Amino acid sequence: MSHRNAPLTPTGRLRLARCVVDDGWPLRRAAERFQVSHTTAARWAGRYRQLGCEGMHDRSSRPHHQPYRSSPAVEAQVVRLRREHRIGPVRLAARCDIAASTAHRILQRHHLPVLAVCDRATSEPIRRYERSRPGELIHIDVKKLGRIPDGGGHKVLGRAAGRKNRTGVGLAYLHTALDDHSRLAYTEDLPDEKAATCAGFLTRAVAWFAARGVTVERVLTDNAWAYTKNTWRQTCHQLGISPRWTRPWRPQTNGKVERFHRTLLEEWAYQRPYTSDNERQAAFPDWLDWYNYHRPHTGISGHTPASRVTNLPGQHI
């Protein structure tokens, strides 16, 4: 395969071959002129005689014969097990008595995507989407998180002592609004997930996005009780927002905010042991600022959420 420092590109090969075949140059003279070896000049001249201009392109390095390739029966078994049981190359290799790398190549030959990009229920590839501008769609969801008693929970005290110290601490309800296009996030720790609480959070979230130059047009939620009441609908109407709901039993539709909550747990809530709930809450604003302004996001090609919102204050700090 030609590379940027190769002495001959397909165009250069054609020129060399025409000098030898059409103009009658000696091979050694052509090799010296194009600064390649005598054998290289002979190779491209021979291909030109045999195949013409099409022969000047790189050929595949794949061998003509593969005597040790898996039999059609083995390939059919791998494909069948994958479709029936939705298992990966390692488990397929154990069932079919082949190497895991062989199972992986068979799946690639049959254009079967990796399990990570497939829907668990149907095994079909997940259809990903992204809105074209900030504010066009905001995802909203609530994550319940156990509060930490004073003195610490099981991660600080151990399982036995942690159980004795957790009585009556309750739950934290983390309400999050996440922009579909930029992944910019706004989160509040609230005491419950009642209709009035959710409506109040929506009002504050819209104001927060507006302060950053983002006008909310639509909001997507699941079918939780609070989001189907008139309180939610009326609040959306007053704010000029069109409410949307996911299909029942399809949390993947609201997957961006679900994935944000997973990141939130891994990088903030469970990132280190905390000795109290106040200590954990005190660490949250700094983490959220890091997420919005400094943390590279793999879902948007390694950019930060703030970089996708034009003239967002603080994005270059």
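If the chain between THR263 and GLU84 were fully stretched, how many nm would it gain, using 0.36 nm times the residue separation less the Cα-Cα distance?
Between THR263 and GLU84, full extension yields an extra 61.3 nm.
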Next item on the list: Please check the chain for the longest run free of trypsin sites (Lys or Arg not before Pro) that are loop-located per DSSP (anything but H, G, I, E, B) and have at most 11 other Cβ atoms within 10 Å.
Entry: 129-317
Note to self: Give me a comma-separated list of calculated 3J(HN,Hα) values for segment 51-60, in order, Karplus coefficients 6.51, -1.76, 1.60 applied at θ = phi - 60°, integers in Hz, x for any Gly or Pro.
What the structure shows: 10, x, 4, 5, x, 7, 8, 5, 9, 5
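About the Cα centre of the chain, what is the dipole size in debye to 20, counting +1 per Lys and Arg Cβ and -1 per Asp and Glu Cβ, all else neutral?
Numbers: 51 positive and 29 negative charges, 252 e Å.
For the chain, the charge dipole is close to 1200 debye.
Counting only chymotrypsin sites (Phe, Trp or Tyr not before Pro) that are in a DSSP loop and have at most 15 other C-beta atoms within 10 Å, tell me the longest site-free stretch of the chain. Before the final figure, lay out each step's value.
Details: sites that count: TYR68, TYR129, TRP249, TYR270.
Between exposed loop sites, the widest span is 130-248.
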Checklist line | 3J(HN,Hα) from dihedral phi, segment 231-245, Karplus parametrisation 6.51/-1.76/1.60, rounded to Hz, x for glycine, proline | finding: 4, 5, 4, 5, 5, 4, 5, 5, 8, x, 10, 8, x, 9, 10
Item checked: Amide H contacts under 5 Å for ARG131, placed H, 5+ residues apart -> HIS181
Item checked: Among LEU16, HIS175, GLY135 - extreme Cα towards positive end, dipole of the chain, charges at beta-carbon -> LEU16
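Taking only pairs that are 8 or more places apart or on different chains, how many Lys pairs in the chain have Cα atoms under 14 angstrom apart?
Working: LYS143/LYS194; LYS143/LYS256; LYS144/LYS194; LYS155/LYS164; LYS194/LYS229.
For the chain, the number of qualifying lysine pairs is 5.
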Notebook entry, point to check: Applying the Karplus parametrisation 6.51 cos²θ - 1.76 cosθ + 1.60 with θ = phi - 60° to the phi angles of segment 191-200, what ³J(HN,Hα) value in whole Hz is obtained for each residue in order, glycine and proline being reported as x?
Noted result: x, 7, 10, 6, 4, 5, 5, 5, 5, x
Next item on the list: Return the long-range amide H neighbours of VAL169 (sequence gap of 5 or more, or a different chain), with a cut-off of under 5 Å between placed amide H atoms.
Entry: none
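Pairs of Cα atoms under 8 Å, at least six residues apart: use those to get the relative contact order of segment 10-56, whole percent.
Normalised by residue count, the contact order of segment 10-56 is 44 percent.
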Check: Which entry in [x] 1.53; [y] 1.45; [z] 0.94 is this structure's computed Cα Rg over 2.2 N^0.38 Å?
Finding: [x]
Note to self: Please arrange ASP22, ASP189 by how many other C-beta atoms lie within 10 Å of their C-beta, fewest to most.
What the structure shows: ASP22, ASP189
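Each reported figure results from applying straightforward, stated rules to the coordinates on display, with no laboratory input. Given the structure is predicted, the values throughout are model-derived calculations rather than measurements. Using ideal geometry, Cβ is built from the backbone for each residue, glycine included, and neighbour counts are taken over all protein chains shown.
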